[in-house]
1. So what's the convex hull volume per residue for the Cα atoms of segment 65-115, in Å³?
2. At 7 Å along the Cα-to-beta-carbon direction for both residue 144 and residue 220, put a label point, then send me their distance in nm to one decimal.
3. Provide the net charge surrounding residue 109, with neighbours chosen by a C-beta distance below 14 Å and charges set as Lys +1, Arg +1, Asp -1, Glu -1.
4. Full extension from residue 51 to residue 75: what is 0.36 nm times the residue separation minus their Cα-Cα distance, to one decimal in nm?
5. For residue 155, which sequence-distant residues (separation of 5 or more, or a different chain) have an amide H within less than 5 Å of its own amide H, given hydrogens modelled in the peptide plane?
6. Give the separation of the Cα centroids, segment 195-256 to segment 92-171, in Å.
7. Using a 10 Å cut-off around each Cβ, can you sort 238, 79 from fewest to most neighbouring Cβ atoms?
8. Under 17 Å from the Cα of residue 76, which aspartates and glutamates turn up, not counting those fewer than eight places away in the same chain?
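Computed from the coordinates by the stated procedures, all read-outs in this text should not be read as laboratory data. As the structure is a prediction and not an experimental result, all values here were calculated from the model. So basically every Cβ, Gly included, is an ideal-geometry build from the backbone, and we count neighbours across all protein chains shown.
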Amino acid sequence: MQTDMPLLRSLNCFTCIVAMNVAPVRSFARLTYAKFLLLFALIATPALAVERCAICGKELPDKFYVMTDRVTEEKKHVCPTCANLPNECFVCGLPVTGDYVSISDGRFLCARDAKTAVLDRSAAQALAAEVKDSLDRMFSRFLNFPGTNVEITVVDRVDLQELFKTAGDSYSCPNVLGYIGPVTNNGKMHYEMRLLSGLPRAQLKAVVAHEYTHAWVFENVSQRRRRTLGHDAHEGFCELVAYMFITAQEDEEQKKIILHNHYTRGQIDLFIDAERRFGFNEVVDWIQYGTDKLLSKDEPNRIRDVEMPKKLVAKNPKPYRVQGQ
Ligand SMILES: [Zn+2]
Ligand SMILES: [Zn+2]
Ligand SMILES: [Zn+2]
């Protein structure tokens, strides 16, 4: 505050001089409302302009760092002390201090992102049930997702990576945020869905939609076709369902996350394009009965190269729109 006072005093003087020299007035009563606002702004601006560190809230020194908040994409000004903090939030990428949350695998969540994070099993199960409900409604004409035989838990990153190593089956999903795999016990099959702990609710919804779609593929695409279906196309289809679900939720941020991740090596863009051009039913037909490994960028019409079982030919001749889109 000591440093603020001289600045404010000198600006008050400056304001008076301007008022007298440029537009002589004898009292404040003669000021127009607009001029009063201008005076107020001139007086108040320096006080408001004291810039504070986005992390600790202390006044910023002359030299500071600019860091990008990955959630809001805003540029944040950070003091050198905070910029050198050892830990960062795994969601927004900014340094953490004060009320942050530590996760068992060495990740951290800042206080803001901890508020929307799903950290325990019951919260994840409730969220997954909500997503499943919405998926069932949206895709009722096209896809039947598995019902009660999906066991859902949250795991940390160490456990998740371990699952990928031991899964062995070509069916395991390499999405670093979730995993689903079929398990047979005493002749009864169920799915194990494992979700990375600490994800924001909105992002976890997209992950759950993606993982449920893997289960649909497992139950509805023949082993023969699964062998020819390219891995990136399989993942791209799961991302398409997640993308359509997120679109119905009007969540622009999550849409961007799906579009910006590159792990389907461009297949997600071709799936989105194919759904718009040909309809979701043709995309589903290709996944089940297509002859190509991947969707083609140069020849999008090849999505129509399918070997449909005779009884299904011409069952769905017209493209359908998915409800809620
Ligand atoms: Zn700071
Ligand atoms: Zn954060
Ligand atoms: Zn996947």
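1. 67
2. Those two pseudo-labels are separated by 1.0 nm.
3. Numbers: positive: 70, 107, 112, 115, 157, 201; negative: 69, 88, 99, 105, 113, 120, 156.
Summing Lys/Arg as +1 and Asp/Glu as -1 gives -1.
4. Result for the pair: 7.3 nm of gain on full extension.
5. It is 195, 196, 197, by chain and number.
6. Computed from Cα coordinates, the inter-centre distance equals 13 Å.
7. Details: 238 27, 79 21.
Ascending number of Cβ neighbours within 10 Å: 79, 238.
8. Counting by Cα, and skipping residues close in sequence, residue 76 has these aspartates and glutamates nearby: 51, 59, 62, 88, 113.
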